[in-house]
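The values are calculated or read from the model by the stated rules, or taken from the named source; none is laboratory data. For clarity, every value in this text was computed on a predicted model and none was experimentally measured. Note: ideal-geometry Cβ built from the backbone for every residue, glycine included; neighbour counts use all protein chains shown.
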Amino acid sequence: MPYVAPEVLNGEPYALSSDIYSFGIIMIELLSGKPPFYKRKHDTTLALEICNGLRPEFGKGTPEIYKKLAYKCMNANSNQRPTASELHDIIDFWFLSSYNDNREKEKFGYKEKEIKAMFEEASKEIPNISTSYEKNPDAIYTSRVFTLSNLTKPVNSSIITSYLDEEDCKDSKLFDLAHYN
């Protein structure tokens, strides 16, 4: 359940954008070292909270640019999520930036050297992230069919809204994907 997009929990059919939501959840799991909602029972209450904007927490030291992309992937409005091709372009730029020293090339509103510095700083925290945890016995991470009813229309939490707010992001081209070179 924790990887399932809110619109799917709400009875809509799976779509490519549903997989993008799941990718955003996996992004958080990678930098937190823990599966999403491992302390919680995976039930109707959790499904309702996910539809109301609940998302897993990031690990300490996660770069803001990474959070923005993950939150964009987990947008409650599936039409506002990036495509797989857009994700590939962004992550490819991040990857190449990590190998280029002091490059001034800019893409998505950031220079390669800025991207490299953000991820190098974050990598200092990785050894400090605990990957041990005690899972709730009712947290189920295997595929199963859900029959849920009376869920609310999916919405973003205030945290996600603040990351995706047009005013906050208008100077950043991170998500203005039509303008990349």
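The table below gives the values:
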{"read-out": "From the options Leu48, Leu16, Leu54, residue that is under 27 Å from Phe119 (Cα atoms) and either surrounded by fewer than 20 Cβ atoms within 10 Å (Cβ to Cβ) or without any contact (Cβ under 8 Å) to a residue 24 or more places away in the chain (or both)", "value": "Leu54"}
{"read-out": "Region 7-52: number of residues that are of a type outside the set (S, T, N, Q) and touching a Ser or Thr at 6+ places or on another chain (Cβ under 6 Å)", "value": "5"}
{"read-out": "Cβ pairs under 7 Å, 6+ apart, first in region 92-106 and of a type in the set (Ser, Thr, Tyr), second at pLDDT 75 or above and surrounded by 14 or more Cβ atoms within 10 Å (Cβ to Cβ)", "value": "Ser97/Glu112; Ser97/Ile115; Ser97/Lys116; Ser98/Lys116; Ser98/Phe119"}
{"read-out": "Scope region 4-13; condition touching a residue at least 24 places away in the same chain (Cβ under 8 Å) and of a type in the set (A, V, I, L, M, F, W, C); matching residues", "value": "Val4, Ala5, Leu9"}
{"read-out": "Flag for Phe23 being of a type in the set (Phe, Trp, Tyr) and either under 18 Å from Thr161 (Cβ atoms) or in a helix (DSSP H, G or I) (or both)", "value": "yes"}
{"read-out": "Selection within region 2-18 - on the phi < 0 side of the Ramachandran plot and either small (Gly, Ala, Ser) or in contact with a Phe, Trp or Tyr (Cβ under 9 Å, 6 or more places away or on another chain) (or both)", "value": "Pro2, Tyr3, Val4, Ala5, Pro6, Glu7, Val8, Leu9, Ala15, Ser17, Ser18"}
{"read-out": "Residue in region 71-81 that is among the hydroxyl-bearing types (Ser, Thr, Tyr), part of a helix (DSSP H, G or I) and out of contact with any Ser or Thr (no Cβ under 7 Å at 6 or more places or on another chain) present", "value": "yes"}
{"read-out": "Yes/no for Asn79 being under 11 Å from the mean Cα position of the chain (by Cα), of a type in the set (S, T, N, Q) and either closer than 27 Å to Thr131 by Cα or surrounded by fewer than 20 Cβ atoms within 10 Å (Cβ to Cβ) (or both)", "value": "no"}
{"read-out": "Residue check for Ile90: within 25 Å of Ser158 (Cβ to Cβ) and assigned to a helix (DSSP H, G or I)", "value": "yes"}
{"read-out": "Inter-residue pairs, beta-carbon under 6 Å, first more than 11 Å from Pro2 (Cα to Cα) and in region 20-43, second β-branched (Val, Ile, Thr) and assigned to a loop (DSSP other than H, G, I, E, B), 6+ apart", "value": "Leu31/Thr62; Gly33/Ile129; Gly33/Thr131"}
{"read-out": "Odd one out for Asp101 among (1) modelled with pLDDT of 95 or more; (2) over 30 Å from Asp138 (Cα atoms)", "value": "(1)"}
{"read-out": "Residue in region 36-56 that is farther than 23 Å from Lys124 by Cβ, charged (D, E, K, R) and touching a Leu at 6+ places or on another chain (Cβ under 7 Å) present", "value": "yes"}
{"read-out": "Residue list for region 53-70, filter: part of a loop (DSSP other than H, G, I, E, B), over 22 Å from Asn128 (Cα atoms) and in contact with a Pro (Cβ under 9 Å, 6 or more places away or on another chain)", "value": "Gly53, Arg55"}
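Each row is one residue, and each column tells you yes or no for (1) at pLDDT 90 or above; (2) closer than 20 Å to Ser78 by Cβ; (3) of a type in the set (Phe, Trp, Tyr).
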| position | (1), (2), (3) |
| --- | --- |
| Ala5 | yes, yes, no |
| Asn10 | no, yes, no |
| Phe23 | yes, yes, yes |
| Ile26 | yes, yes, no |
| Leu30 | yes, no, no |
| His42 | no, no, no |
| Leu48 | yes, yes, no |
| Asn52 | yes, yes, no |
